[in-house]
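This report concerns only the one structure given below.
Each value in this text was obtained by applying a stated rule to the coordinates, not by laboratory testing. It should be emphasised that the depicted structure is a prediction, and the values quoted were computed from it without experimental measurement. As a convention, Cβ positions derive from the backbone with ideal geometry for all residues, glycine included, and neighbour counts pool all protein chains shown.
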Amino acid sequence: MLTVEHVHVRRRAGVVELVPLTDAARAQARALAACGLEVVRAHEGMARAALDDALDDALTLPDDASAGDRRLALACKRVLLDACDFTVPDGEAPEALRAALFSAAARARASGGFARARVVDEVAREHGLPPDDVERLLFADLPDAHTVGRIDIADVDEIDRRLDVGRLQAVLLRATRLTVTVTGTPAELRGLLRAAKLHQLLFEVESADLDDTDEAVRVTIEGPLSLFSSSTRYGLKLALLVPAIRRCRRWHIEAQVRLHKGRGVETFVAGGERTSDAPDADQLHPLAAKLLADLESGGGPFSAAAARDILRVPGTGAFVPDLVLTHGATGEQVFVEILGFWSRQAVWRRVELVERGLPFKVVFCVSDRLRVSEEALPELSSSTLVVFKGALPTARVVERALRLTAG
């Protein structure tokens, strides 16, 4: 993934923006991408170190190239390498070979008869390998020795798209707080919210009145540095939302970012319109997908489907359930939302919604890691909590849904 070292930003009126690529810069990027793509394809089956050197040679710019041009060349290289499938060469485990070789070398030195070639030959015989294979496999687990496989890029247009996505992701990796206002179809908005849940991001969502024919929501997400200042793992999850954001008809981002040490927190803004090439992000969380499969195959009183509605609660926001259960006899619906490993705060917000008169019947499924009791929602409430450990208990979800419809 691209980092802030790969992008060019500017500061205007105290706001950070990505510097748009000019037509000339984009044309240069496409030329570099086309050249780099040929190099990668020519190095399939070779060592990563050889590909790395070849890309450096192919993407070399003139001495008088600007800093922006050099950043663009490095970004193209990063995109190409990220798209490659690198594998460890087949053969003996490098760790075992190294241990055997170092032990043999120690014995040879202790006896006063150390000779590197003789030690390699000895280890090769012990492992039934030619000496050249011992040399080849000795450090095969190091990245430079990995074998270049196929590249997951079809053409230059795909590199162009990944550059646009990557430049935005690079900044969001350094976000401490992110607010995304999006306008789109229900499916697009649902895809964004479901993607946020899929990546276990902590977020709040509220309706946004933009006087538009499409629906609009405002999503506020706590970013990586506000929680894990020494780790980018959460930042990666946040950056993975970019394709889902770009699928919405219109989108606007405002984020608090720390791009460089010593600069403090700055405001970053970006916006755009739907891109047709962004992948569909309306995916169920694996726990929800497994529950859906169990319900579909197990019969029972309910039919189950992925929920298609964004449930709006006036004055308090909105949320996206994962599944909707429809009672076969009465047609009554019960929604299922899996909170998984979110924060306890997210659970208590759902409890507050129910206490204020949530106009939907919902089974909220909560991981026991969040240390929330099922008694947080009284038995006579319009919704209920199911606390689970590991896999979701399908029978208990059905039992709780029946209890809600019986009321």
In degrees rounded to 10, the 0-90 angle between helix 394-406 Cα long axis and the longest Cα principal axis of the chain is 20
So for the stretch 94-140, using the alpha carbon gyration tensor with a ≥ b ≥ c as root eigenvalues (a/c under 1.5 gives rounded; past that, a/b versus b/c decides prolate or oblate), I'd call it prolate
Helix 344-355 sits off the longest principal axis of the Cα atoms of the chain, rounded to the nearest 10 on a 0 to 90 degree scale, by 20
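For the chain, with only Lys/Arg (+1) and Asp/Glu (-1) charged at the beta-carbon, what is the dipole magnitude about the Cα centre, in debye rounded to 20? Walk me through the numbers before you get to the answer.
Details: 52 positive and 59 negative charges, 268 e Å.
It works out to roughly 1280 debye.
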With Cα springs under 10 Å, the Gaussian network model of the chain assigns the largest mean-square fluctuation among D309, D322, D132 to D132
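For the ranges 41-48, 374-381, what's the packing order if you count other beta-carbon atoms within 10 Å of each residue, average per peptide, and put the highest first? Walk me through the numbers before you get to the answer.
Numbers: 41-48: 14.9, 374-381: 12.9.
Final packing ranking: 41-48, 374-381.
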Measuring from the longest principal axis of the C-alpha atoms of the chain, the long axis of helix 48-58 (C-alpha) lies at a number of degrees, nearest 10, equal to 90
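Please state, as a whole number in µm²/s, the translational diffusion coefficient that the Stokes-Einstein equation yields for the stretch 28-138 at 10 °C and 1.306 mPa s, with Rh defined as the Kirkwood radius across alpha carbon pairs.
Values: Rh = 17.0 Å.
After rounding, the answer is 93 µm²/s.
Using DSSP to call loops (not H, G, I, E or B), can you name the trypsin sites (Lys or Arg not before Pro) in the stretch 366-407 whose Cβ has at most 12 other Cβ atoms within 10 angstrom? Before the final figure, lay out each step's value.
Working: sites: R369, R371, K389, R396, R400, R403; in loops: R371, K389.
Counting only loop positions with at most 12 other Cβ atoms within 10 Å, the trypsin sites (Lys or Arg not before Pro) in the stretch 366-407 are R371, K389.
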The summed charge of the R312 Cβ neighbourhood (under 11 Å; Lys/Arg +1, Asp/Glu -1) stands at -3
Under the helix-only model (-39500 (n - 2.57) for each DSSP H run of 4 or more, divided by the residues of the chain), the mean residue ellipticity at 222 nm, to 500 deg cm²/dmol, is -12500 deg cm²/dmol
Checked against the positive end of the charge dipole of the chain (+1 on Cβ of Lys and Arg, -1 on Cβ of Asp and Glu, about the Cα centre), the farthest of F335, S383, A270 is S383
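Please label the shape of the stretch 353-407 as rounded, prolate or oblate, based on the square roots a ≥ b ≥ c of the eigenvalues of the alpha-carbon gyration tensor (a/c under 1.5 means rounded; beyond that, a/b larger than b/c means prolate, else oblate).
Details: a/c = 2.28, a/b = 1.32, b/c = 1.73.
Taking the square roots of the gyration eigenvalues as a ≥ b ≥ c, the stretch 353-407 is oblate.
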